[in-house]
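Before any comments, here is the structure.
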There are 2 protein chains.
Amino acid sequence: MSMSRQWRLAARPVGKIRESDFELVEAPVPEPADGQFVVAVTHISLDPAMRGWMNAGRSYIPPVEIGEVMRALTLGRVIDSRNDQFAVGDLVQGVFGVTEHALSDGAGVQEITAAEGISPTAYLGVLGITGLTAYFGLLDVGRLQPGETVLVSGAAGAVGTAVGQIAKAKGARVIGIAGGSEKCQLLTDELGFDAAIDYKHGDLKDQLRRRTPDRVDVFFDNIGGEILNQGLTRLAHGARVVICGAVSQYNNVDVTGPSNYIQLLVSRASMIGFVVFDYADRYPQAIAEMSRWLSDGRLRSIEDTVRGDIDAFPSTLERLFTGGNTGKLVLELQK
Amino acid sequence: MSMSRQWRLAARPVGKIRESDFELVEAPVPEPADGQFVVAVTHISLDPAMRGWMNAGRSYIPPVEIGEVMRALTLGRVIDSRNDQFAVGDLVQGVFGVTEHALSDGAGVQEITAAEGISPTAYLGVLGITGLTAYFGLLDVGRLQPGETVLVSGAAGAVGTAVGQIAKAKGARVIGIAGGSEKCQLLTDELGFDAAIDYKHGDLKDQLRRRTPDRVDVFFDNIGGEILNQGLTRLAHGARVVICGAVSQYNNVDVTGPSNYIQLLVSRASMIGFVVFDYADRYPQAIAEMSRWLSDGRLRSIEDTVRGDIDAFPSTLERLFTGGNTGKLVLELQK
């Protein structure tokens, strides 16, 4: 009987995630019942949102329960099937979790038939929830207009790289905030950002002032903390601050709120929270548009793939919260 | 030659306002040139916004300069006129400042012909900028719909009492947050609020939870700090947080930001800043509607009038920041 390993939630983290918050459990590879199929997971998407899913309490989706397999977006191959819709060999995408094998009845699973020149992992990145988050956050929540200026924090991350490229495709000026000169170079030299601000070098406030002489119409914030706070001082009249996440704060017991929020009043601006799932009925339209941009080179899927064993999950996840990744962080399982 | 006294800004306050930030200056009552008139100020409106006007730096209007008469909304009588539009004896409203007498060419000045049963001071309160702030903040910025729930902080203040009454007139459920049992009684027993929360007694978080079982659709915040922060945990899906002011923070050197701002994401909510001056072209419509409510008793102008001498200005102003007033705080000058 072949065995399969999976990471289950063992404890709710207090502050920083520790490896002991997870438990690596081995169990037999499941057998499909009628209508079911078995997926061998090939790619696990690592997302800052995972930190939130580990907390108890009200959020936009139920928390992962203690003892449950840790939730994760994944790609995999069907290796056994008693389901008419999914055949052995199909490449599929679903929320299979941090596991080597998963049993599914097909609910919430999409088959991926990757177009020419598009890597399957793009479906976890720019053509997946990551890209959709950037797309709807920027265009619907942020109501970006051509010619406007976008400021994006976490700009070298999965969502940030997509936000900047989508903004350029829509005719905006884009300034990214990222940590370190390599990331900043990626933004300006490879992804077409108009400017990059390295928050690790030099005064953030001063750099923001110099790089946004005409202020900011849409501030897409993934980071929170002092970066959000300083960004608020650069809002143009009627600006939209899109709250996508707060990666700098997820591991904090005491979260820092943006003391400059009163700038919303001065600037007649709004700060808007959103959850991409609310746009599910429009995913196909967004994916179609982003696929065209991928094909014609206006959009690149920036991926940071760690090839390893499922053992590597906790340490790979940690990189998200320490600025260790560039673009979409994916754990590719080696067999 | 008769003399006139006025308070000029002497220093920019750091933190709490001190009397030494102002200077009481005596000068001859001005003489009108052709086209000008002289007003004897009768009522000085005291507004939390004054604290902001004393700071240097970018805001929604220019700061008061050092040496300038402190800016204030006022009522007064024309006592000398060489202007065709304004005659001696006219009751007028304008931004004459904290002064016993002012010279004007009529720009920005309105004659008040008070309707029956409406006190002239209502034009500094519910029919003035205070009421207009409540009206447009709640209805336009907050987009209140009948049947929704409104939470208002600083509920016993000038804007708060107006917000609650307007919300009731529009068919909403209203919960007010105020300091002390007397203020809370005013809200529920006299102004028709559905509930009042005394932030000075009992656990704020717990009271909020009990008083908003169906959560909050519009949170109209005048206060900031912990009251804003706790209110954010009670937002309904799609809630609007109207940022009108931050009285608890104006005197602080280190402002506390709302660490629960990430609830905007969970609740798909927005936090929106506004400045009432942007609605100037619609003031007449709002004043007409609020005048009708005043006449039919649905709206009351809650005024806290201090009768005294212009000397009393700094100490009266201080009451705004210590929870010392109920309703619209006005200094009525005794002659």
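Return a yes/no flag: does the range B:148-159 have any residue that is out of contact with any helix residue (DSSP H, G or I) (no Cβ under 6 Å at 6 or more places or on another chain), within 30 Å of B:V39 (Cα to Cα) and not basic (K, R). Yes, some residue in the range B:148-159 is out of contact with any helix residue (DSSP H, G or I) (no Cβ under 6 Å at 6 or more places or on another chain), within 30 Å of B:V39 (Cα to Cα) and not basic (K, R). Taken over the range A:197-216, the criterion of being among the aliphatic types (A, V, I, L, M) and over 19 Å from A:E148 (Cβ atoms) is satisfied by A:L204 alone. Looking across the range B:185-225, the residues that are of a type in the set (A, V, I, L, M) and either free of Cβ contacts under 8 Å to residues at least 24 places away in the same chain or part of a helix (DSSP H, G or I) (or both) come down to B:L186, B:L187, B:A195, B:I197, B:L204, B:L208. Only residues that are assigned to a strand (DSSP E or B) and surrounded by 15 or more Cβ atoms within 10 Å (Cβ to Cβ): list them for the range A:69-82, please. Once the filter is applied, which keeps residues that are assigned to a strand (DSSP E or B) and surrounded by 15 or more Cβ atoms within 10 Å (Cβ to Cβ), the range A:69-82 yields A:V69, A:T74, A:L75, A:G76, A:V78, A:I79, A:D80, A:S81. Total residues in the range B:277-287 satisfying the condition of being away from chain A (no Cβ under 14 Å) and either hydrophobic (A, V, I, L, M, F, W, C) or under 18 Å from B:G171 (Cβ atoms) (or both): the figure is 2.
Among the residues of the range B:248-255, are any buried (at least 24 other Cβ atoms within 10 Å of the Cβ) and under 24 Å from B:T322 (Cα atoms)? No; the residues of the range B:248-255 include none that is buried (at least 24 other Cβ atoms within 10 Å of the Cβ) and under 24 Å from B:T322 (Cα atoms).
Scanning the range B:250-276 for residues that are within 30 Å of B:D21 (Cα to Cα) and at the interface with chain A (Cβ under 10 Å from one of its Cβ atoms) yields a total of 10. For the range B:227-249, a residue qualifies if it is assigned to a loop (DSSP other than H, G, I, E, B) and either facing chain A (nearest Cβ under 9 Å) or more than 16 Å from B:V14 (Cα to Cα) (or both), and the qualifying residues are B:C244, B:G245, B:A246, B:Q249.
Give B:A195, B:A236 a once-over and let me know the one that is within 24 Å of B:L139 (Cα to Cα), in contact with a helix residue (DSSP H, G or I) (Cβ under 8 Å, 6 or more places away or on another chain) and surrounded by fewer than 21 Cβ atoms within 10 Å (Cβ to Cβ). First the steps, then the outcome.
Details: B:A236 fails: in contact with a helix residue (DSSP H, G or I) (Cβ under 8 Å, 6 or more places away or on another chain).
Only one candidate qualifies: B:A195.
State yes or no: is A:A56 within 22 Å of A:E19 (Cα to Cα), in a loop (DSSP other than H, G, I, E, B) and among the aliphatic types (A, V, I, L, M)? Criteria met by A:A56. Do the conditions hold for B:I262, that is, is it outside any loop (DSSP other than H, G, I, E, B) and assigned by TED's automatic domain parsing to the domain that holds B:D189? Answer is yes for this residue.
Which one of B:I44, B:I61, B:I66 is in a loop (DSSP other than H, G, I, E, B) and touching a Leu at 6+ places or on another chain (Cβ under 7 Å)? Show your work before the answer.
Details: B:I44 fails: in a loop (DSSP other than H, G, I, E, B); B:I61 fails: touching a Leu at 6+ places or on another chain (Cβ under 7 Å).
None of the other options fit; the residue is B:I66.
Going by the conditions given, is A:G147 touching an Asp or Glu at 6+ places or on another chain (Cβ under 7 Å) and either farther than 30 Å from A:V41 by Cα or outside any helix (DSSP H, G or I) (or both)? No: the conditions fail for A:G147.
Scanning the range B:296-335 for residues that are in a strand (DSSP E or B), surrounded by fewer than 17 Cβ atoms within 10 Å (Cβ to Cβ) and of a type in the set (G, A, S) yields one hit, B:G308.
Looking at A:E23, A:E31, which is the one that is at pLDDT 95 or above, in the same structural domain as A:F96 (by TED's automatic domain parsing) and not in a loop (DSSP other than H, G, I, E, B)?
Values: A:E31 fails: not in a loop (DSSP other than H, G, I, E, B).
On inspection, the qualifying residue turns out to be A:E23.
Between A:M271, A:M290, which is in the same structural domain as A:A169 (by TED's automatic domain parsing), buried (at least 24 other Cβ atoms within 10 Å of the Cβ) and either among the basic types (K, R) or under 30 Å from A:G171 (Cβ atoms) (or both)? None of the other options fit; the residue is A:M271. Since A:T42 meets every condition but one in (1) of a type outside the set (A, V, I, L, M); (2) within 30 Å of B:R209 (Cα to Cα); (3) under 21 Å from the mean Cα position of the chain (by Cα), which condition does it not meet? Here A:T42 clears every test but (2).
Looking at B:V39, B:V29, B:V14, can you tell me which residue is touching a strand residue (DSSP E or B) at 6+ places or on another chain (Cβ under 6 Å) and surrounded by fewer than 17 Cβ atoms within 10 Å (Cβ to Cβ)?
On the way: B:V39 fails: surrounded by fewer than 17 Cβ atoms within 10 Å (Cβ to Cβ); B:V14 fails: touching a strand residue (DSSP E or B) at 6+ places or on another chain (Cβ under 6 Å).
Selected residue: B:V29, the only one of B:V39, B:V29, B:V14 that is touching a strand residue (DSSP E or B) at 6+ places or on another chain (Cβ under 6 Å) and surrounded by fewer than 17 Cβ atoms within 10 Å (Cβ to Cβ).
Every condition in (1) within 26 Å of B:V126 (Cβ to Cβ); (2) surrounded by 14 or more Cβ atoms within 10 Å (Cβ to Cβ) is met by B:E19 except one, and the failing one is (1). Does the range A:55-63 contain at least one residue that is at pLDDT below 95, small (G, A, S) and touching a helix residue (DSSP H, G or I) at 6+ places or on another chain (Cβ under 7 Å)? For the range A:55-63, residues at pLDDT below 95, small (G, A, S) and touching a helix residue (DSSP H, G or I) at 6+ places or on another chain (Cβ under 7 Å): present. Only a single criterion out of (1) modelled with pLDDT of 95 or more; (2) within 20 Å of the chain's Cα centre (by Cα); (3) more than 7 Å from chain B (Cβ to nearest Cβ) is not satisfied by A:D311, namely (2). For B:A155, state whether it is free of Cβ contacts under 8 Å to residues at least 12 places away in the same chain, part of a loop (DSSP other than H, G, I, E, B) and either more than 27 Å from B:V25 (Cβ to Cβ) or aliphatic (A, V, I, L, M) (or both). When the stated conditions are applied, B:A155 does not pass them.
The values are calculated or read from the model by the stated rules, or taken from the named source; none is laboratory data. Being a predicted model, the structure only gives us computed values, none of them experimental. All Cβ positions, even for glycine, are placed from backbone atoms using ideal geometry, and neighbour counts span all protein chains on display.
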